[in-house]
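Engineer: Take this structure, written in structure tokens, and hold onto it; I'll ask about it next.
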Amino acid sequence: MKKIFILLLFAASHSFVYAQFNSVLLRVDGLTCSACSFATQQSILKLDFVEDVKIDLNSHDAIVTFKQGKKISIDQIAKKVYDAGFSVGNLRAKFTFNSNNISDSTCFEYAGDIYHFEQLPAKTVLNGIATIQFIGKKYMSIKEYKKWKNNINKDVCKKSDTFSGNVYHVILLE
């Protein structure tokens, strides 16, 4: 009974959106050579949910694809980049949505984490693959983060006392 109450409380305060990770594109700042690229690739590949990592040394972009049926952790991906000695310039994810209505300050739950859309111009219907960019110190350059830090609405997504996941702030790119 307690679990049902918590689920109902959570459902009442969030918009549930069907979504699925397809891949992550991240810019790795600080890469200078193929050894740097290889070290970063190997660090990310240690994550049990990562299928493959392809890094372009010229653009500093990495495409991370995932194993099916595994929970994906954006925090762990960013941490592996930092563990390899580099930083994340930006982090974007391709999600598949299924005709979901979203608007500014929409929150959705995916795999135990909450995602909050920031600064949508109007109500939007997401159907198919869309790209979202993560906002936060760990997910973008310091210069970019300074532009966003005062505009993030941190109190929109209410979570229950038993919530143990992450709350991510994102913007819709396409």
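Engineer: Considering only residues that are part of a loop (DSSP other than H, G, I, E, B) and over 18 Å from Tyr168 (Cα atoms), which ones fall in the range 114-148?
Structural biologist: Pro121, Ala122, Lys123
Engineer: Count, please, the residues in the range 118-151 that happen to be modelled with pLDDT under 85, within 18 Å of the chain's Cα centre (by Cα) and surrounded by 15 or more Cβ atoms within 10 Å (Cβ to Cβ).
Structural biologist: Number of matching residues: 2.
Engineer: On the given criteria, is Leu57 of a type outside the set (Val, Ile, Thr), over 15 Å from the mean Cα position of the chain (by Cα) and modelled with pLDDT of 95 or more?
Structural biologist: no
Engineer: From the residues in the range 13-41 that are at pLDDT below 50 and open to solvent by 90 Å² or more (accessible area, probe 1.4 Å), which one is nearest to Ser105 (Cα to Cα)?
Structural biologist: Out of the qualifying residues, it is Phe16.
Engineer: Note down all Cβ pairs under 9 Å where the first residue falls in the range 128-154 and is closer than 27 Å to Asn101 by Cα and among the basic types (Lys, Arg), the second is open to solvent by 100 Å² or more (accessible area, probe 1.4 Å) and modelled with pLDDT of 85 or more, and they're at least six residues apart or on different chains.
Structural biologist: So the pair list comes out as Lys149/Lys137.
Engineer: Can you name the residue in the range 57-109 that is of a type in the set (Asp, Glu) and within 22 Å of Lys138 (Cα to Cα) and, of all such residues, is surrounded by the most Cβ atoms within 10 Å (Cβ to Cβ)?
Structural biologist: The residue in question is Glu109.
Engineer: Cβ contacts < 9 Å: first residue more than 11 Å from Val64 (Cα to Cα), restricted to the range 20-37; second residue at pLDDT below 90 and β-branched (Val, Ile, Thr), any location; separation 6+ or different chain. Result?
Structural biologist: Final answer for the pair search is Gln20/Thr96.
The values are calculated or read from the model by the stated rules, or taken from the named source; none is laboratory data. This structure is a prediction, so every number in the text was calculated from the model and none was measured. Because the Cβ atoms are built from the backbone with ideal geometry, glycine has one as well, and the counts that use them run over all protein chains shown. SASA here: full protein model, heavy atoms, side chains in, ligands and nucleic acids out. Shrake-Rupley method; radii C 1.70, N 1.55, O 1.52, S 1.80 Å.
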